[in-house]
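A.B. asks: Sharing a structure, written as structure tokens. Questions coming.
The values are calculated or read from the model by the stated rules, or taken from the named source; none is laboratory data. This one's a predicted model, so the numbers in the text were calculated from it and none came from an experiment. So basically every Cβ, Gly included, is an ideal-geometry build from the backbone, and we count neighbours across all protein chains shown. Note: accessible area is taken over every heavy atom of the protein model, side chains too, but ligands, DNA and RNA are not part of it. Shrake-Rupley method; radii C 1.70, N 1.55, O 1.52, S 1.80 Å.
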Amino acid sequence: MGASFVRERCAATAGLLRELGYLLFPRGCAGCDTPDAVLCGRCEAQFHHCIPFRLRAGVLRSGFACALYRGVVRNAILNWKDHGDEECDAVFIATLNRLFDDLLAGCGRVGEHSPDAVIPREVLIVSAPSSASSLHARGRSQLAPLAKALCAHANARGVRAAVVPLLIVRANSKSVETNGADQRAQRARRTICINERAIHAEETEACRTVILIDDIVTTGATINRCATVLTEHGYTVFTALALAYTPSKHGYMVA
Ligand SMILES: [Zn+2]
């Protein structure tokens, strides 16, 4: 009996037990644990915002988030992201699509009126990449279903969109000696890289404007690193959309 056979049987049994668990103990809200809801109305309402946050120079617009990362929002995102609550996919898909509609409507309260701020007719949707180890731990890219759904939503709104994995996290080579802080910092900066294979995709040749997506924006370091890598490779980053944003006192204040 092979190890893979045992693993498959274990996975099947675990799945069955989980299903049985849902039957015996109906699930609670991912945000507040109210019974019988994936995300209850009160928690879901916390995601109905359009909160601008500052991005690096060169990105055409501010980034936007659906919610502030705290309380029930934080619970729901952590349950979805780190505890495998895939039933939240549908809620977060709707949330991000609504944010896109806000963007399309011009987000009037932001007060940006330059021609550059008009949403382009063609965009590439690029997710902030996960490392191989977190992909392995979570068993999937939690942003992938959101990116795919946002792409379909944008197309339905008349914006030609394609999901392209333009960014990857390069595995850190353990064999490389790192002497000194400079080298370490340089290596950290290089963790997110362009995905050379995706550059030559048909859509990518035709369109150079990107909307980045991520789940949580905290200091902005990751999303800005994504923007920098894309800009260095000739792409224009239009904006970044996130589920939630953590306001910080270190300069990434709400735009
Ligand atoms: Zn709730």
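A.B. asks: If a residue must be in contact (Cβ under 8 Å) with a residue 12 or more places away in the chain and within 10 Å of the ligand (Cβ to nearest atom), how many such residues does the range 25-40 contain?
C.D. replies: So the answer is 6.
A.B. asks: Quick check on Glu202: is it out of contact with any strand residue (DSSP E or B) (no Cβ under 7 Å at 6 or more places or on another chain), exposed (fewer than 15 other Cβ atoms within 10 Å of the Cβ) and at pLDDT 80 or above?
C.D. replies: no
A.B. asks: Does Val59 satisfy the condition of being among the hydrophobic types (A, V, I, L, M, F, W, C), touching a residue at least 60 places away in the same chain (Cβ under 8 Å), open to solvent by less than 40 Å² (accessible area, probe 1.4 Å) and within 11 Å of the ligand (Cβ to nearest atom)?
C.D. replies: Considered against the rule, which asks whether it is among the hydrophobic types (A, V, I, L, M, F, W, C), touching a residue at least 60 places away in the same chain (Cβ under 8 Å), open to solvent by less than 40 Å² (accessible area, probe 1.4 Å) and within 11 Å of the ligand (Cβ to nearest atom), Val59 comes out as no.
A.B. asks: Right, another one. Consider Arg54 against the criteria (1) away from the ligand (no atom under 14 Å from the Cβ); (2) surrounded by fewer than 19 Cβ atoms within 10 Å (Cβ to Cβ); (3) over 17 Å from the mean Cα position of the chain (by Cα): it satisfies all of them except one. Which criterion is unmet?
C.D. replies: So the condition that Arg54 fails would be (3).
A.B. asks: Among the residues of the range 109-131, count how many are modelled with pLDDT of 85 or more and open to solvent by 60 Å² or more (accessible area, probe 1.4 Å).
C.D. replies: 2
This table checks each residue for (1) within 16 Å of the ligand (Cβ to nearest atom); (2) not in a helix (DSSP H, G or I).
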position: Phe5; (1), (2): no, no
position: Arg42; (1), (2): yes, no
position: His48; (1), (2): yes, yes
position: Ala65; (1), (2): no, yes
position: Ala76; (1), (2): yes, no
position: Asp89; (1), (2): no, no
position: Thr95; (1), (2): yes, no
position: Asp101; (1), (2): no, no
